[in-house]
1. Could you check residue 39 against (1) in contact (Cβ under 8 Å) with a residue 60 or more places away in the chain; (2) in contact with a helix residue (DSSP H, G or I) (Cβ under 8 Å, 6 or more places away or on another chain) and say which number it fails?
2. Go through the range 72-87 residue by residue and tally those that are more than 16 Å from residue 32 (Cα to Cα) and either touching a residue at least 40 places away in the same chain (Cβ under 8 Å) or surrounded by 11 or more Cβ atoms within 10 Å (Cβ to Cβ) (or both).
3. Give the residue that is farthest from residue 76 (Cα to Cα), with candidates limited to residues of the range 1-37 that are modelled with pLDDT of 85 or more and in a loop (DSSP other than H, G, I, E, B).
4. Where residues in the range 43-62 are surrounded by 15 or more Cβ atoms within 10 Å (Cβ to Cβ) and assigned to a strand (DSSP E or B), which of them is farthest from the chain's Cα centre (by Cα)?
């Protein structure tokens, strides 16, 4: 079980629930987890965006993201975004 983080009534930590919510949304082509000290530290999600959205609007949607824009014959044909979400570290307790 979770030793440093909180466990919810389901037996899952908050970070595990966030990962499951991303999977259930079914809008991500891939999900990557970075684990530190046995805990989820960063979640990255790769999603394909609507090519009709303005790039400026896409840039404003997340603070941390990588955009890949593909163009053919002067028109945008594909926009992929990898967004990163840092999971709040578990609260540290003072030791004696």
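1. Single failed check for residue 39: (1).
2. Applying the first criterion (more than 16 Å from residue 32 (Cα to Cα)) to the range 72-87 yields 72-79.
Applying the additional criterion that residues be either touching a residue at least 40 places away in the same chain (Cβ under 8 Å) or surrounded by 11 or more Cβ atoms within 10 Å (Cβ to Cβ) (or both) yields 76, 78-79.
So the count comes out to 3.
3. 37
4. Across the range 43-62, the extreme among qualifying residues is 49.
The values are calculated or read from the model by the stated rules, or taken from the named source; none is laboratory data. Bear in mind the structure is a predicted one, so any value in this text is a computation, not a measurement. All Cβ positions, glycine included, derive from the backbone under ideal geometry; neighbour counts span all protein chains shown.
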